[in-house]
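Asks: Supplied in structure tokens, the structure appears directly below.
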Amino acid sequence: MKRIISMLACAALLAACVHPEAEPEEVPIQPETGEYLGVVTVEYSGTSFDNESITVLFQPAEDGKTASLEIKRIKFVPAMPVTIDVTIPDVELTSTSEEIDLVCGEVIPLAMGGEYPRYIVTGLIGRIVGDEMTFSLKFGDYPTTFRGVLQH
């Protein structure tokens, strides 16, 4: 009887050690501050206007759930006499193990020391995959896109 109980105990221990193949747990990417260099394209009066060598500063909040995007030294139209820095606050972030998704339904951008409601940001969607960031949005009525690469 002791032998049977010992064999059953050994069998139970062996069964506990054998695991079916478990899928590895997905670890989301932790958003980090970075500067992305690329091209901002603005649709204006039926024509695409490319702003080349534009830097976008990606600044996530401490909790990693939101971020701001600061587009540096941009002209929205060729005739614009100066370049400006524009910040898009409150961009929502969702991370997976492969990418960070960017979403913002509507927000007032910041420029020239304050809010800039004339060019309200709507429909922002984008992502960061590896070293590349892409996003699209509307500044007021003007569709705008960005594609850039992380600067190390």
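Asks: If a residue has to be charged (D, E, K, R) and under 17 Å from Glu32 (Cα atoms) to count, how many in region 100-138 make the cut?
Replies: The qualifying residues number 4.
Asks: Do we have Val77 as without any contact (Cβ under 8 Å) to a residue 40 or more places away in the chain, assigned to a loop (DSSP other than H, G, I, E, B) and not charged (D, E, K, R) here?
Replies: Taking the combined requirement at face value, the residue satisfies it.
Asks: Let me ask another. Considering only residues of region 1-47 that are hydroxyl-bearing (Ser, Thr, Tyr), open to solvent by 70 Å² or more (accessible area, probe 1.4 Å) and part of a strand (DSSP E or B), which is modelled with the highest pLDDT?
Replies: Across region 1-47, the extreme among qualifying residues is Thr47.
Asks: Restricting to region 117-150, and then to whatever is open to solvent by 70 Å² or more (accessible area, probe 1.4 Å) and at pLDDT below 95, can you tell me which residue is nearest to Gly46 (Cα to Cα)?
Replies: Tyr142
Asks: Any chance you could count how many residues in region 64-74 are part of a strand (DSSP E or B) and more than 17 Å from Tyr142 (Cβ to Cβ)?
Replies: Matching residues across region 64-74 total 6.
Asks: Looking only at region 117-131, which residues are of a type in the set (A, V, I, L, M) and either under 11 Å from Leu102 (Cα atoms) or in a strand (DSSP E or B) (or both)?
Replies: Val121, Leu124, Ile125, Ile128, Val129
Asks: I'm trying to understand the selection: among the residues of region 95-109, which are more than 9 Å from Arg127 (Cα to Cα), assigned to a strand (DSSP E or B) and open to solvent by 60 Å² or more (accessible area, probe 1.4 Å)?
Replies: Glu106
Asks: Scanning for something among the acidic types (Asp, Glu), in a strand (DSSP E or B) and open to solvent by less than 60 Å² (accessible area, probe 1.4 Å), does region 85-93 turn up at least one residue?
Replies: no
Asks: Return the residues of region 61-76 that are open to solvent by 30 Å² or more (accessible area, probe 1.4 Å) and in contact with a strand residue (DSSP E or B) (Cβ under 8 Å, 6 or more places away or on another chain); say none if nothing qualifies.
Replies: Those that are open to solvent by 30 Å² or more (accessible area, probe 1.4 Å) and in contact with a strand residue (DSSP E or B) (Cβ under 8 Å, 6 or more places away or on another chain): Ala61, Lys65, Thr66, Glu70, Lys72, Arg73, Lys75, Phe76.
The values are calculated or read from the model by the stated rules, or taken from the named source; none is laboratory data. Just so we're clear, the structure is a prediction, and the values are computed from it rather than from any experiment. Cβ atoms come from the backbone with ideal geometry, glycine included; neighbour counts cover every protein chain shown. The accessibility values were calculated without ligands, DNA or RNA, using every heavy atom of the protein model including side chains. Shrake-Rupley method; radii C 1.70, N 1.55, O 1.52, S 1.80 Å.
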